[in-house]
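Derivation of every value follows stated rules applied to the coordinates shown; laboratory data play no part. None of these values were measured; they are calculated from a predicted model. Cβ: placed from backbone, ideal geometry, glycine included. Neighbour counts: every protein chain shown.
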Amino acid sequence: MIRRFFAAQRRGVTGRRLERLRTAEADLRACLDEHAALVLTEQEVALLALERQFDPAGAASRVAEADAILLLLPLYLEESQWRGLDYEDRRLRIRLAEPLAYEVARLPELRGPEVGAAVWTVEATVEHAVWMLRQEREATRRN
C-alpha cells in the first residue's frame, strides 16, 4: 500500500519535491518498523520476526495489513523524528496523510466503524498538525 501510494505521488515529479517524497516514504516505513508492536496483530508480529531475519529493512511494511497504516498515521504526523528537515517537508507529509488514509479506507477488505474512526483520527491529527505548523511559522516570523 505504501509503495503504491508513493509511486503515484512521485509520477511526473522531479527535483527537490521528488527527494522529499522519497524521504517521506522512507520515514513512514521507519515509523512503521519502530511502532510495529502497536499496530500489528499477534500473528503479524510473529511473521515480522521471521521477515526481519531475511531482510530487516522495511520488514514491517511488508508484513502489515493496510489498516495498520491508518493507525500509524497520527504517530507519523505528531512525533518529531518523522516531521522532516524543514517546513516544506512537514507541509508535504501533512498534505499526504489524508489522501493516504482515504485510499486505505477505500479498500474493499476494510469495512466497519473502526475504519471510519481511524480515518477520523487521521483527519483530526492533520487539522492539529496544520494548526501547529501555522503556529511555528508565525513564531519564526515574529522572531
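Descriptive notes on the structure:
- Ordering Phe5, Phe54 from the fewest to the most neighbouring beta carbons within 10 Å gives Phe54, Phe5.
- Take each peptide in 132-141, 69-78, 33-42, count the other Cβ atoms within 10 Å of every residue, and average; sorted highest first, the result is 69-78, 33-42, 132-141.
- The separation of the range 69-143 from the range 1-60, counted between C-alpha centres, amounts to 16 Å.
- Once the Cα atoms are used to define both axes, helix 66-78 deviates from the longest principal axis of the chain by about 30 degrees.
- Normalised contact order of the chain, rounded percent, pairs of Cα under 8 Å and 6 or more residues apart: 23
- Here the residues Asp55, Asp27, ranked from fewest to most Cβ neighbours within 10 Å of their Cβ, fall in the order Asp55, Asp27.
- Rounded to the nearest 20 debye, dipole of the range 77-143 from Cβ charges on Lys, Arg, Asp, Glu: 300
- Compactness index (Cα Rg / 2.2 N^0.38 Å), the range 46-115: 1.29
- Lys, Arg +1 and Asp, Glu -1 on Cβ, resulting dipole of the chain about Cα centre, debye, nearest 20: 880
- Two-decimal ratio, the range 86-143, of alpha-carbon radius of gyration to 2.2 N^0.38 Å: 1.40
- Here the simple spin-label model places points 7 Å from the Cα toward Cβ, and for Gln53 and Arg106 these points are separated by 3.9 nm.
- Farthest toward the positive end of the dipole of the chain, out of Ala117, Ala60, Thr140, is the Cα of Thr140, where the dipole comes from beta carbon charges about the Cα centre.
- For the range 1-46, the set of trypsin sites (Lys or Arg not before Pro) satisfying both a DSSP loop assignment and a count of at most 10 other C-beta atoms within 10 Å is given as Arg11.
- Per-residue ³J(HN,Hα) for the range 113-129, Karplus 6.51 cos²θ - 1.76 cosθ + 1.60, θ = phi - 60°, Hz, x for Gly and Pro: x, 5, 5, x, 5, 5, 5, 4, 4, 4, 4, 5, 5, 4, 4, 5, 5
- The Cα trace of the chain gives Rg and Dmax of 15.7, 52 Å, the first to one decimal, the second as a whole number.
- What the Kirkwood sum gives for the range 16-73 is a hydrodynamic radius of 11.7 Å, with every pair of different alpha carbons counted.
- For Gly112, net neighbour charge (Lys/Arg +1, Asp/Glu -1) across residues whose Cβ lies under 15 Å away: -2
- Acute angle (nearest 10 degrees) that the helix 87-105 long axis makes with the longest principal axis of the chain, alpha-carbon atoms: 40
- Compared with the dominant Cα axis of the chain, that is its longest principal axis, helix 15-34 is turned about 50°.
- Helix-derived mean residue ellipticity, 222 nm - over the chain, DSSP H n ≥ 4, -39500 (n - 2.57), to 500: -25500 deg cm²/dmol
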